[in-house]
Amino acid sequence: MALRQIRIQGDPVLEKSCRAITEMTPKLQTLIDDMFETMYEANGVGLAAPQVGILKRVVVIDVGDGPICMINPEIIESSGEQTGDEGCLSLPGKAGQVTRPNYVKARFLDEDMEEYEIEGTELLARCICHELEHLDGHMYTEKVVGPLHDVTYEEED
Ligand code: ZN
């Protein structure tokens, strides 16, 4: 596994739509492994392939309940509303208020290319919405209400 360079807002790759994945390959498995490593290293809860410069429909998520890899994901149900701070590894040190559904159900392929559905509320719902938008070239900053603010992180030992 290897760390990948996280692309920062302004990089054109973050504004493009990603291609659907048709088969699992060793190269794709390596990408997924690298994305997890890169996300954990950056203390993120989600990462989409375009954030490491790859225009494929794959995201990785871990909101603290274990790793989830979603290939060709789509939201098939959503309800409720939550408003809270949201940030992005492609815009380090910043956050802003975004309103999202409080519940989403998503359908995707897992790493065995088996169809799978997941339900998420609160942070997981927010994270799924955020990551899936990256696959269509969108950043959360398009939905922020009010100004972005600075976030400071504790340095790790
Ligand atoms: Zn993001």
Net lengthening on full extension, Ile8/Ile76 (0.36 nm per residue, minus Cα-Cα): 21.6 nm
Rel. contact order, % - alpha carbon contacts under 8 angstrom, at least six apart, the stretch 12-150: 27
Rg/Rh for the stretch 37-100, where both radii come from Cα atoms and Rh is the Kirkwood radius: 0.97
The chain - percent of accessible surface contributed by carbon and sulfur, probe 1.4 Å: 47
Theoretical FRET efficiency, 1/(1+(r/R0)^6), r = Cβ-Cβ of Asn43 and Asp112, R0 22 Å, to 0.05: 0.20
Residue range of the chain that is longest and free of GluC sites (Glu not before Pro) which are both DSSP loop and sparsely packed (at most 10 other C-beta within 10 Å): 24-80
Over the chain: Rg over Rh, Cα atoms, Kirkwood Rh: 0.94
Spin-label pair Ala20/Asp150, simplified geometry with 7 Å Cα→Cβ offset, distance in nm: 4.6
Cleavage-rule hits, trypsin sites (Lys or Arg not before Pro), the stretch 15-82, DSSP coil, Cβ neighbours within 10 Å at most 14: Lys16
Helical mean residue ellipticity (222 nm; -39500 (n - 2.57) per DSSP H run of 4+; nearest 500) of the chain: -6000 deg cm²/dmol
Solvent-accessible area per residue for the chain (1.4 angstrom probe, square angstrom): 54
Inter-centroid distance (Cα atoms) of the stretch 69-124 relative to the stretch 15-33, Å: 18
Hz values of 3J(HN,Hα) by residue in the stretch 14-27 - Karplus curve (6.51, -1.76, 1.60), Gly and Pro given as x: 7, 10, 10, 7, 9, 8, 5, 9, 9, 7, 7, 10, x, 5
Vicinal HN-Hα couplings computed from phi for the stretch 100-111 (Karplus, 6.51 cos²θ - 1.76 cosθ + 1.60; Hz; Gly/Pro x): 10, x, 8, 9, 9, 10, 10, 10, 7, 9, 8, 5
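The values are calculated or read from the model by the stated rules, or taken from the named source; none is laboratory data. These numbers were taken from a predicted model, which means no experiment stands behind them. So basically every Cβ, Gly included, is an ideal-geometry build from the backbone, and we count neighbours across all protein chains shown. The protein model used for the area step is the full one, side chains on, heavy atoms only, and it has no ligands, DNA or RNA in it. Shrake-Rupley method; radii C 1.70, N 1.55, O 1.52, S 1.80 Å.
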